[in-house]
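Trainee: Just dropping this structure here.
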Amino acid sequence: MGGAHGVCYGVVGNNLPSRSEVVQLYKSKGISAMRIYYPDQEALAALRGSGIAVIVDVGDKGAVANLANNPSAAADWVRNNVQAYWPSVFIRYIAVGNELGPGDMGTILPAMQNVYNALVSAGLSNSIKVSTAVKMDVITNSFPPSHGVFRPDLQQFMVPIAQFLANTMSPLLVNVYPYFAHRDNPRDIPLNYATFQPGTTVRDNDSGLTYTNLFSAMVDAVYAALEKAGAPGVRVVVSESGWPSAGGFAANVENARNHNQGVIDNVKNGTPKRPGQLETYVFAMFNENQKPGDETERHFGLFNPDKTPVYPITFPPN
């Protein structure tokens, strides 16, 4: 059940379709996995019997802190948001925190442990894995990829998290955005390399591996960091990757389509360091008109709120 081609379902808009319409849209487009950013009861109910695999985030940093401080809160969370829907909703991962900053990262591991223990008590710890979603900035020395290592100031958090993931056979969820790398350094990171277009080949002289796109190089930097943290067996799941179609530098339909189709087509290939399937979630399903921040933030969607595509995109059969 559920495949490796996912799309993130954000709901920060006042003009989006109903949850049940959204699930039908996923199914009609052949999108086999979904990420939701909090335990949205309406979305979970709409997912019953759909066969769509789901990442369920626990919510914001306050939700993570509550789960960290309170094992009974974790047991309640699992009962209300997992057991109430399993197995008719195929929950694959629970994401304990999304891009938490250094000041909040100390809560991640205790919260993960409490949620994991609640899953063990419910008899679900083999079926549903507990992880956290991190930004690429937890990695330093990401070029060449083989030099990737967890940032010194974050190793106190990331190394024990990596070891927990290894012990529970869970993946690390990573939000991987070539867009921001290109936007912030277009001189050194060419557009074609950031959008899966031909023309740039980068060799990692230490590993001997060759890269033709930035996305794979970024993921392999994470794998290198996991190895250095003593967790070489931990898989990476790309829990977000996207490119805006309007609103700022290099943000247009052509670049967005090239990047996102490239990400989708790359799922079957994996990376030079880890060939094979790379489970990936494109960000995001819809243009969300109430997202804060830069104008580009409101233009990451594959679809408009009326369910028409922003540009043509194809998901292969799983």
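The values are calculated or read from the model by the stated rules, or taken from the named source; none is laboratory data. Since the structure is predicted, the reported quantities are computational estimates derived from the model, not experimental observations. With ideal geometry, Cβ positions are generated from the backbone for all residues, glycine too; neighbour counts draw on all protein chains shown. With ligands, DNA and RNA removed, areas are computed over all heavy atoms of the protein, side chains included. Shrake-Rupley method; radii C 1.70, N 1.55, O 1.52, S 1.80 Å.
Trainee: Which one is surrounded by the fewest Cβ atoms within 10 Å (Cβ to Cβ) among residues in the stretch 271-285 that are touching a Ser or Thr at 6+ places or on another chain (Cβ under 8 Å) and not hydroxyl-bearing (Ser, Thr, Tyr)? Steps first, please.
Mentor: Of the stretch 271-285, the ones touching a Ser or Thr at 6+ places or on another chain (Cβ under 8 Å) are 271-273, 278, 280-283.
Then drop every residue that is not not hydroxyl-bearing (Ser, Thr, Tyr), which leaves 272-273, 278, 282-283.
Working: PRO272: 18, LYS273: 21, LEU278: 21, VAL282: 27, PHE283: 26.
Per the stated criteria, the residue is PRO272.
Trainee: Turning to a different aspect of this structure: Output the residue which, of all residues in the stretch 194-215 that are surrounded by 20 or more Cβ atoms within 10 Å (Cβ to Cβ) and in contact (Cβ under 8 Å) with a residue 60 or more places away in the chain, is farthest from the chain's Cα centre (by Cα).
Mentor: We begin by selecting, within the stretch 194-215, every residue surrounded by 20 or more Cβ atoms within 10 Å (Cβ to Cβ); these are 194-196, 204, 211, 213-215.
Now restrict to residues that are in contact (Cβ under 8 Å) with a residue 60 or more places away in the chain: 194-196, 204, 211.
Details: ALA194: 18, THR195: 18, PHE196: 19, ASP204: 25, TYR211: 21 Å.
Among residues in the stretch 194-215 that are surrounded by 20 or more Cβ atoms within 10 Å (Cβ to Cβ) and in contact (Cβ under 8 Å) with a residue 60 or more places away in the chain, the one farthest from the chain's Cα centre (by Cα) is ASP204.
Trainee: I'd like to know if the stretch 259-270 contains one or more residues that are open to solvent by less than 10 Å² (accessible area, probe 1.4 Å) and on the phi > 0 side of the Ramachandran plot.
Mentor: For the stretch 259-270, residues open to solvent by less than 10 Å² (accessible area, probe 1.4 Å) and on the phi > 0 side of the Ramachandran plot: present.
Trainee: Exactly one of these conditions fails for VAL82: (1) over 16 Å from the mean Cα position of the chain (by Cα); (2) surrounded by fewer than 20 Cβ atoms within 10 Å (Cβ to Cβ). Give me its number.
Mentor: The single condition VAL82 does not satisfy is (2).
Trainee: Among the residues of the stretch 196-240, which ones are among the basic types (Lys, Arg) and closer than 26 Å to MET158 by Cα? Walk me through it before giving the result.
Mentor: Taking the stretch 196-240 first, the residues among the basic types (Lys, Arg) are 203, 228, 235.
The answer is LYS228, ARG235.
Trainee: Being in contact with a strand residue (DSSP E or B) (Cβ under 6 Å, 6 or more places away or on another chain) and in contact (Cβ under 8 Å) with a residue 60 or more places away in the chain is the filter here; which residues of the stretch 150-164 pass it?
Mentor: Keep residues of the stretch 150-164 that are in contact with a strand residue (DSSP E or B) (Cβ under 6 Å, 6 or more places away or on another chain), which gives 151, 158.
MET158 - this is the single residue of the stretch 150-164 that is in contact with a strand residue (DSSP E or B) (Cβ under 6 Å, 6 or more places away or on another chain) and in contact (Cβ under 8 Å) with a residue 60 or more places away in the chain.
Trainee: Which members of the stretch 238-260 meet the condition of being farther than 15 Å from CYS8 by Cα and assigned to a loop (DSSP other than H, G, I, E, B)?
Mentor: Going residue by residue through the stretch 238-260, those that are farther than 15 Å from CYS8 by Cα are 245-259.
Residues satisfying the conditions are SER245, ALA246, GLY247, GLY248, PHE249, ALA250, ALA251, ASN252.
Trainee: Please name all residue pairs, on different chains or six or more residues apart, with Cβ atoms under 7 Å, provided the first residue is in the stretch 1-25 and is free of Cβ contacts under 8 Å to residues at least 60 places away in the same chain and the second residue is open to solvent by 50 Å² or more (accessible area, probe 1.4 Å) and part of a helix (DSSP H, G or I).
Mentor: ARG19/GLU42
Trainee: Could you list, in sequence order, the residues of the stretch 167-185 that are outside any helix (DSSP H, G or I) and either open to solvent by 60 Å² or more (accessible area, probe 1.4 Å) or in contact with a strand residue (DSSP E or B) (Cβ under 9 Å, 6 or more places away or on another chain) (or both)?
Mentor: Residues of the stretch 167-185 that are outside any helix (DSSP H, G or I), as a first pass: 168-177, 185.
Listed by number, the residues that qualify are THR168, MET169, SER170, PRO171, LEU172, LEU173, VAL174, ASN175, VAL176, TYR177.
Trainee: Name the pairs whose Cβ atoms lie under 8 Å apart, with the first residue in the stretch 94-119 and closer than 13 Å to VAL174 by Cα and surrounded by fewer than 21 Cβ atoms within 10 Å (Cβ to Cβ), the second hydrophobic (A, V, I, L, M, F, W, C) and at pLDDT 95 or above, and 6 or more positions between them or separate chains?
Mentor: GLU99/ALA133; GLU99/VAL134
Trainee: Can you tell me which residue within the stretch 223-237, out of those that are outside any helix (DSSP H, G or I) and more than 13 Å from the chain's Cα centre (by Cα), is surrounded by the fewest Cβ atoms within 10 Å (Cβ to Cβ)?
Mentor: Applying the first criterion (outside any helix (DSSP H, G or I)) to the stretch 223-237 yields 229-237.
Right, trim to more than 13 Å from the chain's Cα centre (by Cα) and you get 229-234.
Details: ALA229: 21, GLY230: 11, ALA231: 20, PRO232: 12, GLY233: 9, VAL234: 24.
Only one residue tops the list, namely GLY233.
Trainee: Quick one: in the stretch 129-166, which of the residues that are over 16 Å from the mean Cα position of the chain (by Cα) and of a type in the set (Val, Ile, Thr) is surrounded by the fewest Cβ atoms within 10 Å (Cβ to Cβ)?
Mentor: THR140
Trainee: Output yes when any residue across the stretch 65-73 is touching a helix residue (DSSP H, G or I) at 6+ places or on another chain (Cβ under 8 Å), free of Cβ contacts under 8 Å to residues at least 60 places away in the same chain, over 20 Å from TRP86 (Cβ atoms) and crowded, with 23+ Cβ neighbours inside 10 Å, and no when none is.
Mentor: yes
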